[in-house]
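Here the structure comes first, spelled out in structure tokens, and everything after it is commentary.
Read the figures in this text as sums done on the coordinates, not as results from a lab. Small disclaimer: the values here were computed from a predicted structure and weren't measured. Glycine also receives a Cβ, built like all others from the backbone with ideal geometry; neighbour counts cover every protein chain displayed.
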Amino acid sequence: MPFSPVDMLALSVFIVAWYGYTVFARRKAKTTDCIARSLHQHRIHWMYEVISREVRVSEAALLANLERNIAFFASSTLLILAGLFTLFAKVETLEVVISSLPFAAEVNHLAIQLKLSLLAFIFVLSFFQFTWSMRQYGFLNVMIGATPFDLSGSNENLTAYAKQMAIVQDQAAHSYNYGLRSYYFALAAMCWFFHPFLLIFMSLWVVYTLFTREFNSKAVKAITTAQSLLHQERQLRDEKTPGV
């Protein structure tokens, strides 16, 4: 077998950590203040404002900036995949380099190929996530372009339409986040080349880092507070607007 029992344990921890955190974060975001939950509310406020703006140059600039960021990661992922496929032709050299490290576990030709395949699979997944995110932002551009102008804010159809635009933007952001998360776990998977225990440690460390940043960071607290302020401001504005 190319892998030892410790390798299989490390791979199992890696898969459970990634899949488990994805499910946990998705469920917890429905009931707990976090980046995903708070930004969703911000997107709703943003789309409400889009309806009341006759000139939407700022939206075009903001969305173009978001798409450029995603395009950067998508193109970078292709370069990484090209590098990984090149390494398949250099497995012997890679085996010698890893074996020369004093702390590295024993490796063999097939194990290195399988580990490279795992990395390639992760980056293929991330590429699909990034490109799907770009497409969804394109859909959002079309929806914004089709949005009628309504200064009163009393049109229920347009209010519901704004929420649907926020949902599309939310899904695009989720795909982008999943792509970035793939990068985090790919860095953990790279550690498997050196030692399975290092893969276990890095998998758990990535989960801890993601949880801290998405649920318990200063950015989360600031965004949540800002969302509450926006909600209060919108309520005051609605009370002052005639016919609402």
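Just a few scattered comments:
- For the stretch 8-48, the tally of residues that are within 18 Å of SER175 (Cα to Cα) and not in a helix (DSSP H, G or I) stands at 3.
- Residues of the stretch 173-207 that turn out to be without any contact (Cβ under 8 Å) to a residue 40 or more places away in the chain and either within 19 Å of LYS115 (Cα to Cα) or touching a helix residue (DSSP H, G or I) at 6+ places or on another chain (Cβ under 6 Å) (or both), as a count: 6
- Among the residues making up the stretch 95-109, those that are of a type in the set (A, V, I, L, M), more than 19 Å from SER12 (Cα to Cα) and in contact (Cβ under 8 Å) with a residue 24 or more places away in the chain are ILE98, LEU101, ALA104.
- Residue check: GLU54 meets all listed conditions (1) part of a helix (DSSP H, G or I); (2) touching a residue at least 40 places away in the same chain (Cβ under 8 Å); (3) closer than 25 Å to ASP170 by Cα; (4) over 22 Å from the mean Cα position of the chain (by Cα) but one, namely (1).
- The single condition from (1) within 22 Å of GLN171 (Cβ to Cβ); (2) surrounded by fewer than 12 Cβ atoms within 10 Å (Cβ to Cβ); (3) acidic (Asp, Glu) that GLU92 fails is (1).
- Scanning the stretch 95-118 for residues that are of a type outside the set (A, V, I, L, M, F, W, C), surrounded by 13 or more Cβ atoms within 10 Å (Cβ to Cβ) and touching a Phe, Trp or Tyr at 6+ places or on another chain (Cβ under 9 Å) yields GLN113, LYS115.
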